[in-house]
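Chemist: If you scroll down you'll find the structure; I have some questions about it.
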Amino acid sequence: MMSQISNALSDFFFEYETPRQVLVRNRRVGVVCRLIQLGVLAYIIGWVFIYEKGYQSTDTAVSSVFTKMKGVGYTNIEGRERVWDVADYVFPPQGDSSFVVMTNYIITEGQKMGKCPELQGKHNCSSHADCEGGSFKRTGHGQMTGVCLNATKTCEVLAWCPVEDDVKIPDPPMLMSAVNYTLFIKNSVTFPLFGVSRSNLVENIDNAYISKCLYDPTDAPLCPIFRLGDIVKLSGFKFETIARVGGAIGIVVDWTCNLDVDVKHCIPKYTFHGLYGNAAETDQARASVGYNFRYAKHYLEDKEQKRTLLKVFGIRFDIIVQSLARKFDIIPTLTAIGSGVGIFGVATVVCDLVLLYLLPKREFYKNMKFKYTDSHVQDPDSEACSTETEVCKVRDLYISITLKPICLVFRTADVLFICYSCRSDVGATF
């Protein structure tokens, strides 16, 4: 028992098994095999390593953004001059990564709480029965009192009076001067996996440079100061169109960095996209084009509460930071190589299918590739041979002979030599 266990362990630790291979000289199969292997090699080198950078590990950044607007606007409405500064036209004023710059507005001044007629087209009526007291309409300005006013043929409402008339949007926009406003973006990113921190105020960008630079995709691609007119133009829109009814523009700060080279080459790239529609479409082609909201300033006049209501049309800016850093790592490199080597097996599978099922000599190739055995138990003294190198066992004697197709056998009991052909129809004994 111990001897059997010892032999089993010895066979397990000190023997190596390798699959039998058949060399097939066939031009078509050889060409197919090499083409598949060439394609796999091109995929591994071209796609996995060069394009996808399969030899590098990746990380995304933790980012922070703050902004600052500068510029002054001027309006003159019916002889009433007004200067608009940053505190008036930026919402919210905290310098967030998402904010609105007012470019047009409708102002309703001196509103106070009371009863007044609704606008034409909102609550039209012909009798008091058409104005249900205490009810509201979604598009109305207040609560109906149940009275139909003959002068306007509209329902009377309890609301901030006079009600806002926003039917006619000013054209041209009231604050066309916004085209020359400037936006300063300060952005910092950190790649925690690699311990790298960067800012869009990269090397050679100091106070002297910032005080005079203006972003240009060709001449000044790293300047963090942007003119609003240039942003709108680079996003594909006309400033006059988007300023009238408002819109939304995304400013993308792209940090795609290869940290295998000097970190100073890790710099941002800025792109601009219109977010509310297609620049080629007209206002009639889409529903609810533009961006607007209402903003009220409350005050007391003769101890009576009043307010100034503004319907603000503006450009909403969303600053979007996207990041991806790469650096060499041995683990993804070995993983990519291992998967590539495994894909090479596709060539063997395809060629085997061609050999065994498509070629005219498929039965011959099948006999060469597979060795068939009978299920019955052979006599211990019987000899089995093949067309290649065979090992013939006669009791305790093993002889390995590479003669083809003859296998030479020694019988030790009666010292008889047997020359037996591996073909079943040929044999001789002497």
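The values are calculated or read from the model by the stated rules, or taken from the named source; none is laboratory data. In this text the structure is predicted, and so the values were computed from the model without any measurement. Note that we place each Cβ from the backbone using ideal geometry, even for glycine, and neighbour counts take in every protein chain shown.
Chemist: Which one of the conditions (1) at pLDDT 95 or above; (2) buried (at least 19 other Cβ atoms within 10 Å of the Cβ); (3) over 23 Å from TRP84 (Cβ atoms); (4) not small (Gly, Ala, Ser) does THR154 fail to meet, given that it meets all the rest?
Modeler: (1)
Chemist: A further question on this structure: Answer yes or no: is there a residue in the range 245-262 that is surrounded by fewer than 14 Cβ atoms within 10 Å (Cβ to Cβ) and of a type in the set (A, V, I, L, M).
Modeler: Yes - at least one qualifying residue is present in the range 245-262.
Chemist: May I ask you to list the residues in the range 1-58 that are in contact with a Pro (Cβ under 6 Å, 6 or more places away or on another chain) and more than 30 Å from CYS257 (Cβ to Cβ)?
Modeler: Result: no residue meets the conditions.
Chemist: Out of GLY290, GLY274, report the one residue that is at pLDDT below 95 and buried (at least 19 other Cβ atoms within 10 Å of the Cβ).
Modeler: GLY290
Chemist: I'm trying to understand the selection: among the residues of the range 297-319, which are touching a residue at least 60 places away in the same chain (Cβ under 8 Å) and touching a Lys or Arg at 6+ places or on another chain (Cβ under 8 Å)?
Modeler: Once the filter is applied, which keeps residues that are touching a residue at least 60 places away in the same chain (Cβ under 8 Å) and touching a Lys or Arg at 6+ places or on another chain (Cβ under 8 Å), the range 297-319 yields GLU304, GLN305, LYS306, ARG307, THR308, LEU309, LEU310, LYS311, VAL312, PHE313.
Chemist: Turning to a different aspect of this structure: Are any of the residues in the range 51-68 loosely packed, with under 15 Cβ neighbours inside 10 Å, over 26 Å from the mean Cα position of the chain (by Cα), farther than 30 Å from LYS361 by Cβ and in the same structural domain as VAL196 (by TED's automatic domain parsing)?
Modeler: Among the residues of the range 51-68, at least one is loosely packed, with under 15 Cβ neighbours inside 10 Å, over 26 Å from the mean Cα position of the chain (by Cα), farther than 30 Å from LYS361 by Cβ and in the same structural domain as VAL196 (by TED's automatic domain parsing), which makes the answer yes.
Chemist: Do we find a residue being of a type outside the set (Gly, Ala, Ser), in contact with an Asp or Glu (Cβ under 9 Å, 6 or more places away or on another chain) and under 30 Å from ASN104 (Cα atoms) anywhere in the range 207-214?
Modeler: Yes.
Chemist: Follow-up. Report the residue count in the range 19-32 for those that are in a loop (DSSP other than H, G, I, E, B) and within 45 Å of the chain's Cα centre (by Cα).
Modeler: 1
Chemist: Next question, about the same structure. If the requirement is being within 30 Å of LYS153 (Cα to Cα) and acidic (Asp, Glu), which of these qualifies: GLU81, GLU52, GLU118?
Modeler: GLU118
Chemist: Here is a follow-up. LYS137 fails exactly one of the following numbered conditions: (1) in contact (Cβ under 8 Å) with a residue 12 or more places away in the chain; (2) on the phi > 0 side of the Ramachandran plot; (3) among the charged types (D, E, K, R). What is the number of that condition?
Modeler: Going through (1) in contact (Cβ under 8 Å) with a residue 12 or more places away in the chain; (2) on the phi > 0 side of the Ramachandran plot; (3) among the charged types (D, E, K, R) one by one, LYS137 breaks only (2).
Chemist: Next question, about the same structure. Going by the conditions given, is VAL86 more than 32 Å from the chain's Cα centre (by Cα), hydrophobic (A, V, I, L, M, F, W, C) and loosely packed, with under 15 Cβ neighbours inside 10 Å?
Modeler: No.
Chemist: Only one of ALA87, ALA42 is more than 30 Å from VAL349 (Cβ to Cβ), at pLDDT 90 or above, part of a helix (DSSP H, G or I) and not basic (Lys, Arg); which?
Modeler: That would be ALA87, the only listed residue that is more than 30 Å from VAL349 (Cβ to Cβ), at pLDDT 90 or above, part of a helix (DSSP H, G or I) and not basic (Lys, Arg).
Chemist: If a residue has to be part of a strand (DSSP E or B) and over 19 Å from PRO192 (Cα atoms) to count, how many in the range 45-67 make the cut?
Modeler: 2
Chemist: Moving to a separate point now. Would you tally the residues in the range 139-164 being small (Gly, Ala, Ser) and either in a strand (DSSP E or B) or assigned by TED's automatic domain parsing to the domain that holds ILE106 (or both)?
Modeler: Number of matching residues: 2.
Chemist: OK, next. Has the range 202-210 got any residue that is in a loop (DSSP other than H, G, I, E, B) and either basic (Lys, Arg) or not assigned by TED's automatic domain parsing to the domain that holds VAL179 (or both)?
Modeler: Taking every residue of the range 202-210 in turn, none turns out to be in a loop (DSSP other than H, G, I, E, B) and either basic (Lys, Arg) or not assigned by TED's automatic domain parsing to the domain that holds VAL179 (or both).
Chemist: In addition: Condition test on ILE331, is it touching a residue at least 40 places away in the same chain (Cβ under 8 Å), loosely packed, with under 13 Cβ neighbours inside 10 Å and hydrophobic (A, V, I, L, M, F, W, C)?
Modeler: When the stated conditions are applied, ILE331 passes them.
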